[in-house]
Structure formats: structure tokens, C-alpha cells
Amino acid sequence: MKPIGSQCRHYWLLQDMAKATQVDLARAFREGRISTQEWAGMVGRCRACSWPDGCQSWLRGTPGPRHIPSRCCNRARLALLKIEEELDCT
């Protein structure tokens, strides 16, 4: 079994991924589109991901808004949150 990564590191990787892909996790939380448990689950998935170093390299890449990479273990949820933001579904 692969050990999981640091909670702090992966919290910030998730935050940076959301920012790079124009997903506002804090807004989604305030608006009730994600719960505390779901946010923690997203960090947990990130902690168990096998791509953290690649993710960190990707995040250091070209600045500006980007598409969520296919290797991101939170890709589906981030994509849905992005769609909800774009449609302003609250």
C-alpha cells in the first residue's frame, strides 16, 4: 500500500489546482455546493493520488487559466463545480 501524502501539502495542491482552473472552492462552500466533508474528501483523494509531483510541476507551468488535467483525481468534481459557477447555479 502506498503511503498517503501530507495533509497540508495536498490541501494547498487542491487549492492551487482550483485556482489554476478557475474553480472557487471557498465560494462553492459558502453557497452550499460542497460540504466540509466533501472538501475534506477532495483533499483525501489528493493525498492518495499517485501524481503529486507531476501536479506540482503542472501547477508551476504556464500561468493563466487552464483545463483540469486528466491525471487530477478530483477532475470530475472540479469540472462540475466549474460548470455550476459558469451557469451560476446556486
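The values are calculated or read from the model by the stated rules, or taken from the named source; none is laboratory data. Not measured: the values here are computed from a predicted model. All Cβ positions, glycine included, derive from the backbone under ideal geometry; neighbour counts span all protein chains shown. For the accessible areas, the whole protein counts, side chains as well, though only heavy atoms, and no ligand, DNA or RNA atoms are used. Shrake-Rupley method; radii C 1.70, N 1.55, O 1.52, S 1.80 Å.
Data table
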item	result
Rounded Å value of the spacing that divides the Cα centres of the range 61-85 and the range 1-27	11 Å
Gained length - GLN15 relative to GLU86, 0.36 nm times residue gap less alpha-carbon distance	23.7 nm
The chain - percent relative contact order, Cα under 8 Å, separation 6 or more	39 percent
Total formal charge among the other residues, if their Cβ is under 14 angstrom from that of ILE4, Lys/Arg +1 and Asp/Glu -1	+4
Gain in span if fully extended, ARG60 to ARG45, counting 0.36 nm per residue against the direct Cα distance	3.3 nm
The chain, accessible area per residue, ligands and nucleic acids excluded (1.4 Å, Å²)	62 Å²
Whole-percent carbon and sulfur share, accessible surface of the range 1-43, 1.4 Å	59 percent
Computed helical MRE - 222 nm, the chain, DSSP H runs ≥ 4 contributing -39500 (n - 2.57), nearest 500	-18000 deg cm²/dmol
Net lengthening on full extension, ASP53/HIS67 (0.36 nm per residue, minus Cα-Cα)	3.2 nm
Cα→Cβ-extended label distance, 7 Å offset, between ALA26 and GLN7, nm	2.1 nm
Radius 12 Å from Cβ of VAL43, net charge of other residues (Lys, Arg +1; Asp, Glu -1)	+3
Hull volume in cubic angstrom per residue (convex hull over the Cα atoms of the chain)	89 Å³
Sequence ranges 39-49, 77-87, 58-68, ranked by mean other-Cβ count within 10 angstrom, highest first	39-49, 77-87, 58-68
